[in-house]
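**Q** Dumping the structure here so I can ask a few things about it.
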Amino acid sequence: MNLLELSRRPAPWRRVRGPFSDVVVSSRVRLARNLAGMPFLTKCTERQMQDIVELLRATLLTEILSEDAFYVDISSADPLDKDLLVERHLISRQHADGKGPRGVVITTDESVAVMVNEEDHLRIQVLAGRFEMRQCYERICQLDEQLEQRLTFAFSSRFGYLTACPTNVGTGLRVSVMLHLPALKMSGEIEKALRAARDMHMAVRGLYGEGTEAVGDMFQVSNQTTLGKSEEDIIREFGEEIVPKIIEYERHARNVLMSKKRLALEDRIFRALAVLRSARLISSEETMYLLSHLRLGVCLKIIEDISLDTIDELALLSQPAHLQRYFGRDMAPSERGMARAELIRKKLAG
């Protein structure tokens, strides 16, 4: 497996649907860990960073993930490849833009990605294409246990796992879901719903995490602190109380739109489809905006000849790095707009 092969197909986990897939786009569980006896990265020398890379790469590839994974050296990767990995949510923007030896280990199905030398020595994440907090948590616990059999992590009997950022101290566990909330946005109820999430100590971010905007009505909701709660408490509260409540808000807003403003809603959805099927120039921002309407139309069965798989594929392939890898050449923004429109017309031809 290499990045070119990766760029030409959506991750297999993205195509797995569940009963909440109308609202939940993906689930993620992440663990932050640091090696005992090594300084945090802000105090590491380049030699120490290289030692961390070599140790963790060998441990992950030869002893734990074996033939099911490959390694990308982020420090020497082409800028376009780094952008591609960010677009696929396999590394963070901070990791892509960082300095010094660093990399990522990725399983071939992209359900597991382990960033080495991001903010902490290790950032382990497990991804799923539906609302699967429990399954993701069980998988990441298995990986964590395998690593702890071979490595010693920085740990305090008083505070728990020690991390570079104080908000991760304790369990080092962050859980998040990517939610598609177009009806709450259209009805003007989005701020009330997100305020409720923040009142429950949740962080609400955009499509690519911290510091990004909610493009295409996609909102990433995650737990804000890890100290003082057990892993089980975090998973239970998040998976059984917080996210179901937001899903309930969004579904209620969709029902209200369908019963009271159906004609206006259908007009917006079919206009989005018409633009996507006929545009000759289109930006990634406008694409995500229109695909959001289209996704809503498919989930409400207003649009029946397009699948969620097609929409999710377009949302990914229309991003700048994926688009250039798809067509096999570097492009200026104006050329990307033309190529993006061409790709969308081809995929939505009906």
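**Q** Within the range 139-190, track down each residue that is among the aliphatic types (A, V, I, L, M), within 30 Å of L291 (Cβ to Cβ) and part of a strand (DSSP E or B).
**A** Residues satisfying the conditions are V175, V177, M178, L179.
**Q** Can you pull out the residues in the range 229-255 that are touching a strand residue (DSSP E or B) at 6+ places or on another chain (Cβ under 8 Å) and under 14 Å from L179 (Cα atoms)?
**A** F238, G239, I242, V243, I246, I247, E250
**Q** Among the listed residues L294, L300, which satisfies the condition of being within 20 Å of R254 (Cα to Cα), surrounded by fewer than 19 Cβ atoms within 10 Å (Cβ to Cβ) and of a type outside the set (D, E)?
**A** Among L294, L300, only L300 is within 20 Å of R254 (Cα to Cα), surrounded by fewer than 19 Cβ atoms within 10 Å (Cβ to Cβ) and of a type outside the set (D, E).
**Q** Turning to a different aspect of this structure: How about the range 56-73: which of its residues are in contact (Cβ under 8 Å) with a residue 40 or more places away in the chain and either polar (S, T, N, Q) or more than 12 Å from V114 (Cβ to Cβ) (or both)?
**A** T59, E63, D68
**Q** I need the full set of residues from the range 142-170 which are in contact with a helix residue (DSSP H, G or I) (Cβ under 8 Å, 6 or more places away or on another chain) and over 20 Å from L55 (Cα atoms), in order please.
**A** none
**Q** Let me ask another. Could you list all residues from the range 39-58 that are surrounded by fewer than 17 Cβ atoms within 10 Å (Cβ to Cβ) and within 29 Å of N223 (Cα to Cα)?
**A** P39, F40, T42, K43 - these are the residues of the range 39-58 that are surrounded by fewer than 17 Cβ atoms within 10 Å (Cβ to Cβ) and within 29 Å of N223 (Cα to Cα).
**Q** Also, I was wondering about something else. From the list D109, D81, which residue is within 20 Å of the chain's Cα centre (by Cα), in a loop (DSSP other than H, G, I, E, B) and touching a residue at least 60 places away in the same chain (Cβ under 8 Å)?
**A** Just a single option satisfies the conditions, and that option is D109.
**Q** Counting only residues that are under 20 Å from the mean Cα position of the chain (by Cα) and of a type in the set (V, I, T), which one in the range 12-64 is farthest from L296 (Cα to Cα)?
**A** Of everything passing the filter in the range 12-64, V29 is farthest from L296 (Cα to Cα).
**Q** Which residue, of R271, R325, is surrounded by fewer than 18 Cβ atoms within 10 Å (Cβ to Cβ) and assigned to a helix (DSSP H, G or I)?
**A** None of the other options fit; the residue is R271.
**Q** Can you name the residue in the range 275-286 that is crowded, with 20+ Cβ neighbours inside 10 Å and more than 18 Å from the chain's Cα centre (by Cα) and, of all such residues, is nearest to A183 (Cα to Cα)?
**A** L276
**Q** Name every residue in the range 145-175 that is of a type outside the set (G, A, S) and touching a Phe, Trp or Tyr at 6+ places or on another chain (Cβ under 9 Å), in order of residue number.
**A** Within the range 145-175, L147, F153, F155, Y161, L162, T163, N168, V169, T171, L173, V175 meet the criteria.
**Q** Taking A197, is it at pLDDT below 80, of a type outside the set (S, T, N, Q) and over 28 Å from K43 (Cα atoms)?
**A** It is true that A197 is at pLDDT below 80, of a type outside the set (S, T, N, Q) and over 28 Å from K43 (Cα atoms).
**Q** Which of the numbered conditions does F20 fail, given that it passes all the others? Conditions: (1) surrounded by fewer than 20 Cβ atoms within 10 Å (Cβ to Cβ); (2) within 21 Å of T167 (Cβ to Cβ).
**A** All conditions pass for F20, except number (2).
**Q** May I pose another question? Determine whether E285 is under 30 Å from N168 (Cα atoms) and either assigned to a helix (DSSP H, G or I) or modelled with pLDDT of 95 or more (or both).
**A** Judged against the criteria, E285 is not a match.
**Q** Only one of E250, E231, E240 is on the phi < 0 side of the Ramachandran plot and free of Cβ contacts under 8 Å to residues at least 60 places away in the same chain; which?
**A** Every option except E240 fails the conditions.
**Q** Would you mind finding the one in L61, L6 that is at pLDDT below 95 and touching a strand residue (DSSP E or B) at 6+ places or on another chain (Cβ under 7 Å)?
**A** Just one listed residue meets the conditions, L61.
**Q** Could you check H293 against (1) more than 21 Å from the chain's Cα centre (by Cα); (2) assigned to a helix (DSSP H, G or I); (3) within 18 Å of D217 (Cβ to Cβ) and say which number it fails?
**A** Failed condition: (1).
**Q** OK, next. Would a scan of the range 114-128 turn up a residue that is at pLDDT below 95 and assigned to a loop (DSSP other than H, G, I, E, B)?
**A** No: zero hits.
**Q** Determine which member of the set R102, R47 is touching a His at 6+ places or on another chain (Cβ under 7 Å) and either among the aromatic types (F, W, Y) or closer than 25 Å to C165 by Cβ (or both).
**A** Going through R102, R47 in turn, just one is touching a His at 6+ places or on another chain (Cβ under 7 Å) and either among the aromatic types (F, W, Y) or closer than 25 Å to C165 by Cβ (or both): R102.
**Q** Now, a different point. Taking A349, is it farther than 23 Å from R17 by Cα and surrounded by fewer than 15 Cβ atoms within 10 Å (Cβ to Cβ)?
**A** yes
**Q** Among the residues of the range 84-103, count how many are within 20 Å of Q324 (Cβ to Cβ) and either assigned to a loop (DSSP other than H, G, I, E, B) or not basic (K, R) (or both).
**A** Looking only at that region, the number is 10.
The values are calculated or read from the model by the stated rules, or taken from the named source; none is laboratory data. Predicted model only: the values in this text are computed from it and were never measured. Positions of Cβ are generated from backbone atoms using ideal geometry, with glycine treated the same way; all protein chains shown enter the neighbour counts.
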